[in-house]
Amino acid sequence: MDYALQNMDVGLVLLDSARRVLALNPAAVRLLGQRAAGLVGAYLHDLHPPSHRAKVELLLAAAGDPAAPASACSMMVALPGRVLVVKATALAPAATVAEGSAVTALMLMEAVRPAAVDAQAPSVPPSASPPEPLVKLPVEKGQGIVLLDPADAVYLQADGHYTTVHTGDGAFFCGLPLSELEARLDPRSFVRTHRGYIVNLRHARAVERQDGRAAFVMAAPGAPRVPVSRNRADALKKRLAL
């Protein structure tokens, strides 16, 4: 196992059953740069802010679930000047790096060209299947993950690479990016009103204009207002027959 780890071209990080880093190969050290220093022995969740740990745990949990789709076992991490794709794979229970150290997950890291570089490359028609519709929204609540009925979501707000789901009972962290939620939620109810917001039209109470800008007034405590960007206003007007 140690020989294979050191000589693979892709960056690898091995974790034990307690989510502590057992080892990194040279490719991982090159990809992570200064962040690689002191990682061995570190608890994986300590390396992420509290608001992002649910996404990491979902990633690792999906790696150990044979029925989980491939998309659930990967995530993207933005670093200065580059983007990494992180994939998790559960290893066989017998796999070990040292005596008594069961390897439970293998994280692969591949360098991805920044979007600005990709934009200059010839476009390739997508061959992947359409994303599966979301039946439940995984959100963080207390110390665990709650599967929320999408109908209960009043609106969704981008939070970096993640999302805050606003409901009548409060706001909850979701480890999925807003763009993925837009692609997987029912478009009959959920519409993108702004680069940072998605509205559930079933909870929309009114549309108001203030200082030349439109906003949805939502049927939720405090009547929150969700902005509508100028470049999306015309399409929303047609959809709502305004």
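The values are calculated or read from the model by the stated rules, or taken from the named source; none is laboratory data. Fair warning: this is a prediction, and the values are worked out from it, not measured in the lab. FYI the Cβ positions are ideal-geometry reconstructions off the backbone, even for glycines, and counts take in every protein chain you see. Ligands, DNA and RNA are excluded from the accessible area calculation, which covers all protein heavy atoms including side chains. Shrake-Rupley method; radii C 1.70, N 1.55, O 1.52, S 1.80 Å.
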message = Test of understanding: among Pro187, Pro177, which residue is out of contact with any Pro (no Cβ under 9 Å at 6 or more places or on another chain) and farther than 20 Å from Val228 by Cβ?
response = Pro177
inquiry  = If a residue must be in a strand (DSSP E or B) and open to solvent by 30 Å² or more (accessible area, probe 1.4 Å), how many such residues does the stretch 146-163 contain?
reply    = 5
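For every residue, the table says whether it meets (1) surrounded by 17 or more Cβ atoms within 10 Å (Cβ to Cβ); (2) part of a strand (DSSP E or B); (3) modelled with pLDDT under 90.
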site	(1), (2), (3)
Ala94	no, no, yes
Ala98	no, no, yes
Ala105	yes, yes, yes
Ala111	no, yes, yes
Val117	no, no, yes
Glu180	no, no, no
Pro187	no, no, no
ask   = Pairs, please: C-beta under 8 Å, at least 6 apart or cross-chain, first residue under 13 Å from Lys55 (Cα atoms) and in the stretch 128-141, second modelled with pLDDT under 90 and open to solvent by 70 Å² or more (accessible area, probe 1.4 Å)?
value = Pro138/Ile145; Val139/Ile145
